[in-house]
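Since the structure comes first, as structure tokens, the remarks are kept for the end.
No value in this document is a laboratory result; all are computed from the given coordinates. No experiment lies behind these values; they were computed from the predicted model shown. Positions of Cβ are backbone-derived with ideal geometry, glycine not excepted, and every protein chain shown enters the neighbour counts.
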Ligand SMILES: [Zn+2]
Ligand SMILES: [Zn+2]
């Protein structure tokens, strides 16, 4: 194979979920970048991907429509879908629903401390495992995913999990070919491999970590509303419930 391998970032968020960059900003950075394929994967919605694809029409990388589904067992990526996949179902059922509409199901960041599948990633019929995820401080979890799941995984993938513009494309999935169809065939044959741009990873980490801390502070300051059980005025009880909920 003389030709260079294709480059795909398979995990990108926009402001339609919890990303900081709008679909237009993501489309702009993709148009200027060197990716061959990119999957936009907002939480539980294909809307961000559809908008980026529409904005790019004819420019930049080929857009794979996707979403990061909040299954009851943890996050998983649905790629090559066109319709939303329901959240809150078990991982096995969610994978079936993705396959029913012709999509591929990928176990996302399986060993992150929250919202993750853990060893379940090996027991459900995933088409691949994200063994390289670009979230800052995720390096140990990535190593664990490579060691525990890498050999048995049907395909090994990488994605930036970009929530800020600077992170887009810094972790990629490499594959023989250039197109979305080539990528899909490579995943199905288990011929993909992840690539990690450490220079960019370290350069963007401080901003990314600050943003995560800011979002967490926001969550703490304004906990999600839930039915009031404690007596009115009993703030102590209420905050205890909030902690339990996490
Ligand atoms: Zn996730
Ligand atoms: Zn994500």
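Using a Gaussian network model of the chain whose springs link C-alpha atoms within less than 10 Å, name the residue from 28, 48, 74 with the highest mean-square fluctuation. The residue with the greatest mean-square fluctuation here is 28.
In this simple spin-label approximation, residue 101 and residue 122 carry label points 7 Å from Cα along the Cα→Cβ vector, and these lie 3.1 nm apart.
Using the Cβ-Cβ distance between residue 50 and residue 3 with R0 = 22 Å, the FRET efficiency computed as 1/(1 + (r/R0)^6) comes to roughly 0.15. Approximating the spin labels as points 7 Å out from Cα along Cα→Cβ, the residue 34-to-residue 152 distance works out to 3.7 nm. The simple Förster model, with R0 at 22 Å and r as the Cβ-Cβ distance, assigns residue 24 and residue 211 a FRET efficiency of 0.70.
Restricting the calculation to Cα atoms, every distinct pair contributes to the Kirkwood radius of the chain, found to be 18.4 Å. Taking a ≥ b ≥ c as the square roots of the Cα gyration tensor eigenvalues, region 87-191 comes out rounded, since a/c falls below 1.5. Protection proxy ranking, highest mean first, for peptides 79-89, 127-137: 127-137, 79-89, where packing is the per-residue count of other beta-carbon atoms within 10 Å, averaged.
Restricting attention to the chain, close to 50% of DSSP beta bridges with both partner residues there are antiparallel.
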